[in-house]
1. With point charges of +1 on the Cβ of Lys and Arg and -1 on the Cβ of Asp and Glu, referenced to the Cα centre of the range 32-307, which listed residue (Cys80, Thr33, Ala153) lies farthest in the positive direction of the dipole?
2. So what are the range 32-307's ellipsoid semi-axes, whole angstrom, largest first, if each one is the square root of 5 times an eigenvalue of the alpha-carbon gyration tensor?
3. Which peptide among 109-115, 238-244, 62-68, 192-198 comes first, and what is the full order, when sorted by highest mean count of other Cβ atoms within 10 Å?
4. Can you list the aspartates and glutamates whose alpha carbon is less than 18 Å from that of Lys94, not counting same-chain residues fewer than 8 positions off?
5. Given contacts defined as C-alpha pairs under 8 Å and at least six residues apart, what's the relative contact order of the range 32-307, whole-number percent?
6. How do 173-181, 36-44 rank on mean C-beta neighbours within 10 Å, highest first?
7. Collect residues whose amide H, placed 1.01 Å from N in the peptide plane, falls under 5 Å from the amide H of Thr308; neighbours closer than 5 in sequence don't count.
8. Can you give me the long-range amide H partners of Lys109? Hydrogens built in the peptide plane at 1.01 Å from N, cutoff under 5 Å, separation of 5 or more residues or another chain.
Amino acid sequence: MAARGAQKQAGGAPQGDVPKDKYRIPPDARAKTRELGRTGMRVSILGLGGYHLGLPRDEQESIRIVRRALDHGMNFLDNCWDYNEGKSEERMGKALRDGYREKAFLMTKLDGRTAQSARDQLDQSLKRLQTEMIDLVQIHEVIRDDDPERCFAPGGTVEALMEARKAGKLRFIGFTGHKDPRMHRHMLETARKSSFHFDTVQMPVNVLDAHYRSFEKEVLPLAQQEGTAVLGMKALAAGLILESGAASAVECLRYAMSVPGVSVTITGCDTEAKLLRRTAAFAQGGRWEKFKTSQVFDGTEQHKQWLTSATL
């Protein structure tokens with residue numbers, strides 16, 4: 001039986017239970033910002049994940065979440081072509097009406113590994129998000145050994161993204177993955193051989209990652225050397241770290257948001273050495289980081305048609 005925190009996983013975590021009205025935001029509160037690599041952009045240190053926006057029954061709640069975040073300077077918005085069969089992008093698009101698009105740094109992700117599927121998915125994302133240009137488009141789930149070669153091959157994903165950038169449909173290009181740091185390194189190396197520079201790379205950054213298949217240790221320094229902005233994710237491992245008892249939500253958030261070199265935390269943690277010592281035992285074998293050791297989180301493995309088509 002799957003762990004509770006891994007339920008309903010196809011690229012995102014399940015809904016949490018937050019007591020109503022427990023947390024209040026001062027009217028003048030503003031999110032802090034950091035530079036996004038070499039892009040020349042400044043983005044909020046906390047990014048609003050898009051997967052969860054497709055979960056509430058009332059889409060108005062999702063719209064309120066996006067607009068409230070933007071009103072308080074939390075401008076980095078995450079999304080993906082496949083999240084909730086497109087519902088997450090559709091709701092974000094509605095939230096970005098009435099002048100809110102100008103406040104946002106908008107990111108989405110594509111699954112396509114062929115140029116045509118990537119083109120089709122991008123056009124669908126642009127339509128759903130109700131925008132003519134997306135600030136950052138990332139290749140989603142680089143989790144297979146041959147993904148770099150497929151992306152950079154003639155007729156591959158990168159070809160379509162470069163065309164789209166030239167056409168003004170997107171500004172920056174990145175990639176994501178959660179499986180193994182060697183795949184991230186391979187993707188960066190393949191890009192270098194192709195004389196291509198990724199603007200961003202998204203990867204797990206959390207208190208357990210430091211001890212097992214560590215993206216923080218193996219990928220983050222390389223990304224910094226190349227001027228590629230690092231976007232942190234899986235800070236709570238979809239709630240599994242909390243279920244393990246290794247650390248609290250506050251500890252996890254503090255850790256992820258404090259790791260040097262991370263521009264944005266799309267979910268978060270804390271840097272204290274004592275916290276890393278305490279979590280070492282829990283990290284062995286990746287038991288609580290199931291996105292590294294199982295296919296529960298691999299949306300493009302569960303739906304392989306997304307790699308070559310734009311049909312959900």
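1. Of the candidates, Thr33 comes out farthest on the positive side.
2. Over the Cα atoms of the range 32-307, the semi-axes work out to 27, 23, 18 Å.
3. Packing order, densest peptide first, comes out as 109-115, 238-244, 62-68, 192-198.
4. Candidates past the 8-residue exclusion: Asp58, Glu59, Glu61, Asp71, Asp78, Asp82, Glu85, Glu102, Asp123, Glu132, Asp135.
5. Value for the range 32-307: 17 percent.
6. For the peptides 173-181, 36-44, the packing ranking is 173-181, 36-44.
7. Arg113
8. Asn79, Cys80, Trp81, Gln138
We did not get these values from a lab; they are worked out from the coordinates using the rules stated. Just so you know, these numbers come straight off a predicted model, no measurement behind them. In this analysis, Cβ positions are derived from the backbone assuming ideal geometry, glycine residues included, and neighbour counts consider all displayed protein chains.
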